[in-house]
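A.B. asks: So that we are looking at the same thing, I have put the structure below in structure tokens.
The values are calculated or read from the model by the stated rules, or taken from the named source; none is laboratory data. Since the structure is predicted, the reported quantities are computational estimates derived from the model, not experimental observations. Every residue, glycine among them, receives a Cβ derived from its backbone with ideal geometry; neighbour counts consider all protein chains shown.
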Amino acid sequence: METIAEIKSKIAPIKSEEQYEVYLKIIDKLIDCEENTPEEELLELVSILVENYESIHYPIEASDPIEAIKIRMEELGLKRKDLAEYFGSVSRVSEVLNRRRPLSYEMAKKIHRGLGISAETLLS
């Protein structure tokens with residue numbers, strides 16, 4: 001069995017699906033490690049590399065703009081009233097999220113800037 005130092009010395013950006021699978025196994029082994037240990041440092045490093053690989057090779061984007069907004073609201077703990085600045089008013093937020101009014105280009109632009117949802121998703 002390799003030591004943490006030996007494993008750490010071999011860590012590099014993920015270039016293949018096989019390497020990705022190896023890194024997932026490392027995460028599985030280290031997931032319950034103690035805080036402030038070399039194991040936790042390795043877990044963090046490998047997790048960052050896996051997250052980067054997944055964002056490139058397995059991007060997750062909601063294809064429906066309204067669903068994407070609702071997901072982002074949940075992630076950020078936002079209420080409908082918190083979105084008024086992007087939509088113009090609380091009633092407009094309700095109309096759009098209930099699909100009674102389309103999402104305008106200006107709304108999409110503000111939401112993209114403010115909530116970080118991809119413009120492609122919002123304009124699809």
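A.B. asks: Just checking: which of the helices (runs of 4 or more DSSP H) contained wholly in the range 11-124 hold 3 or more residues that are touching a helix residue (DSSP H, G or I) at 6+ places or on another chain (Cβ under 9 Å) and acidic (Asp, Glu)? Steps first, please.
C.D. replies: Values: elements: 17-30, 38-57, 65-76, 84-87, 90-97, 105-115, 119-122.
Answer list for the range 11-124: 38-57.
A.B. asks: Read through the list (1) touching a Pro at 6+ places or on another chain (Cβ under 7 Å); (2) at pLDDT 95 or above, then give the number of the only condition that LEU103 fails.
C.D. replies: (2)
A.B. asks: Restricting attention to the range 56-72, does a residue exist that is out of contact with any Asp or Glu (no Cβ under 9 Å at 6 or more places or on another chain) and within 30 Å of GLU2 (Cα to Cα)?
C.D. replies: Yes, the range 56-72 contains at least one residue that is out of contact with any Asp or Glu (no Cβ under 9 Å at 6 or more places or on another chain) and within 30 Å of GLU2 (Cα to Cα).
A.B. asks: Separate question: Which condition number does SER9 fail, the rest of (1) under 25 Å from the mean Cα position of the chain (by Cα); (2) under 27 Å from HIS57 (Cα atoms) being met?
C.D. replies: All conditions are met except number (1).
A.B. asks: Do you know which of the residues in the range 76-107 that are among the acidic types (Asp, Glu) and more than 15 Å from SER124 (Cα to Cα) is surrounded by the fewest Cβ atoms within 10 Å (Cβ to Cβ)? Before the answer, list the steps.
C.D. replies: Of the residues in the range 76-107, the ones among the acidic types (Asp, Glu) are 82, 85, 95, 106.
Retained after the next criterion (residues that are more than 15 Å from SER124 (Cα to Cα)): 82, 85, 95.
Details: ASP82: 15, GLU85: 12, GLU95: 14.
Among those that are among the acidic types (Asp, Glu) and more than 15 Å from SER124 (Cα to Cα), it is GLU85.
A.B. asks: On to the next question. Taking the condition of being exposed (fewer than 10 other Cβ atoms within 10 Å of the Cβ) and among the aromatic types (Phe, Trp, Tyr), how many residues in the range 23-65 meet it?
C.D. replies: 1
A.B. asks: Could you list, ordered by first residue, the pairs with Cβ atoms under 7 Å in which the first is in the range 108-119 and among the hydroxyl-bearing types (Ser, Thr, Tyr) and the second is not in a helix (DSSP H, G or I), at least 6 apart or interchain?
C.D. replies: Close Cβ pairs (under 7 Å, with a partner that is not in a helix (DSSP H, G or I)) amount to SER118/GLU61.
A.B. asks: Please specify each residue of the range 49-97 satisfying the condition of being farther than 30 Å from LYS15 by Cβ and touching a Ser or Thr at 6+ places or on another chain (Cβ under 8 Å).
C.D. replies: ASP64, PRO65, ALA68, ARG80
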